[in-house]
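Taking it in order: structure first as structure tokens, then the write-up.
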Amino acid sequence: VLSYTLHPAVTKMFLNSFRCLQADPGLNKTSYGAPRWHIDMSIVCTGTDHFRWGIVAGSGLLVWSFGIPVFLFLSLRRALVSGTLSLSYAAVRRTYGFLYTGFEPTFYWFESDIMVQK
């Protein structure tokens, strides 16, 4: 439940890691007029420090922002498709019920889709 709640905020943080600002568009592309990372204005966006942070943020987006919805979808899919579990079983409802309660049974995947769209 915590990862579901924090998902939009953490995704936004990862996406903001790619954001650069032009301090003064009138200046040429010298070190003073180069685009700066909005989180730390001492880091030039075309430099290696920003590139390293981009790798970290890109990995985070892949694992957190796409990985969690895919994991939740696959967990629900496994519960639905397997012959031993069902979405109506109490154990499955306790663990994943907040994701699909309120949807038609055939649309159990819809919350995972919404998480990716956010």
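The values are calculated or read from the model by the stated rules, or taken from the named source; none is laboratory data. For clarity, every value in this text was computed on a predicted model and none was experimentally measured. Accessible surface areas use protein heavy atoms only, side chains included; no ligands, DNA or RNA. Shrake-Rupley method; radii C 1.70, N 1.55, O 1.52, S 1.80 Å.
Residue order by solvent-accessible surface for 100, 89 is 89, 100, largest first, with ligands and nucleic acids left out and a 1.4 Å probe. Here's how it looks for residue 45: its modeled amide H is under 5 Å from those of 36, 37, which are all 5 or more places away or on a different chain.
In order along segment 56-73, phi translates into HN-Hα couplings of 4, 5, x, 5, x, 4, 5, 6, 7, 6, 9, x, 5, x, 5, 4, 5, 4 Hz, rounded to whole numbers, per the Karplus curve 6.51 cos²θ - 1.76 cosθ + 1.60 with θ = phi - 60° and x for Gly and Pro.
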